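Taking it in order: structure first as structure tokens, then the write-up.
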Amino acid sequence: MDKRIHLFIDNELSPSDKQAFEKELSENKQLREDYEKMSGLLKLAGTRNGQARAPQNITDRIMGTIEQPQEHPYSLLRFLRIAAAIAIVIATGAGVFTYVHRENNLVNITFRVSVPNAKTVYVLGSFNQWGDVPEQLRNTGNGLFTLTLKLKPGIYQYVYKVDNNEILSDPHARLYTQDGFGQRNAILIVKNTKLS
């Protein structure tokens, strides 16, 4: 099959090459048949312009099918989970901790980071338009900074800004993504009942 068919469908030909291909397509029966076969296959596959598209709101639809376990607010298991999380935060002095308190579909998220000798620490992320509304962490002593925010369930990226100049990726995050500037952002997934 002529490689130009793929380039034409993907709209990757230069204007002059596109014009020449269209002319040849009208004159060359075999080329036209190959093009029609490929176009038919793409239609069957549900693509547009050669690009496969995921259905709209696919993430919401998938997350909506996952049942979230409900537990009693005063259960022993819940108490043990909270105690273990607090112990980990105290032991490591950093990370993101969540205490789930559902109120208007918001989840309490506590950011903690240990930055000895820092004067100020802010959290910047997709949840606060990357600092349009800066969120300053409180120094609790010994270089440990903390802040609790109420966030809607969703997927967020964030970093810490130390002393208004150094950008610090959360060293205790579970997931990261490249920020496009040679650094990485931590990823925070907030669910209705738990943190990922």
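Taking 22 Å as the cut-off for C-alpha to C-alpha distance, list the pairs among K150/K191; K119/K191; K3/K29 that go past it. With Cα atoms farther than 22 Å apart: K119/K191. Scoring 181-191, 29-39, 141-151 by mean Cβ neighbours within 10 Å over their residues and listing the highest first yields 181-191, 141-151, 29-39.
At q = 0.15, 0.19, 0.32 Å⁻¹, what is the base-10 log of I(q)/I(0) for the range 3-44 according to the Debye formula with one equal point scatterer per Cα and no solvent? Please give it to two decimals. Values, matching the q order: -0.33, -0.52, -1.16.
Just so you know, all these numbers are worked out from the coordinates, no wet-lab data involved. As the structure is a computational prediction, the values presented were derived from the model and not from experiment. Virtual Cβ from ideal backbone geometry, glycine too; neighbours counted across all protein chains shown.
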